[in-house]
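Take a look at the structure set out below.
Read the figures in this text as sums done on the coordinates, not as results from a lab. Everything quoted here is computed from the prediction, not taken from an experiment. All Cβ positions, even for glycine, are placed from backbone atoms using ideal geometry, and neighbour counts span all protein chains on display.
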Amino acid sequence: MAVKLSDRSAEFEKRAAFSIMAALCMADKYAENGLFKQFLTIIYKNATDERLYVKKAINWALRNIGKRNKDLKESAINCANEILKLNNKSGNWIANDALKELNEENVRCSDYPRHIYRA
């Protein structure tokens, strides 16, 4: 549903897509990293959306993906750096805010899916 909603133009429908992504990061403890890497592509594609509620949800999804596990943290940081290259006001805010949190020394990083990260 998140992927479908991300193509919508209505503000709160598009926002719902990224809210679902953000929530799924912690709710589905068994989802593989490929699902969230797919979300990073969608986040990058929509990072120039200037609408307040959309960009906040995009930022939330990016930060939560980065806090899911150490591999996705690296992918989220890379995505944020790519968003910065777009040189867009909205994208810069999304990326800088996410990088600020993801680069903190004591950021809480989960280990989902646990069958991979907890042997």
Considering every residue within the range 53-62, establish whether at least one is in a loop (DSSP other than H, G, I, E, B), over 11 Å from the mean Cα position of the chain (by Cα) and among the hydroxyl-bearing types (Ser, Thr, Tyr). no
Which condition breaks for residue 31 when tested against (1) in contact (Cβ under 8 Å) with a residue 40 or more places away in the chain; (2) surrounded by 17 or more Cβ atoms within 10 Å (Cβ to Cβ)? (2)
Given the conditions (1) outside any loop (DSSP other than H, G, I, E, B); (2) aliphatic (A, V, I, L, M); (3) in contact with an Asp or Glu (Cβ under 7 Å, 6 or more places away or on another chain), every one holds for residue 107 apart from (1)
For the range 51-83, which residues satisfy the criterion of being out of contact with any Gly (no Cβ under 6 Å at 6 or more places or on another chain) and among the β-branched types (Val, Ile, Thr)? 54, 58, 65, 77
Breaking point among (1) exposed (fewer than 14 other Cβ atoms within 10 Å of the Cβ); (2) part of a helix (DSSP H, G or I); (3) small (Gly, Ala, Ser), for residue 9: (2)
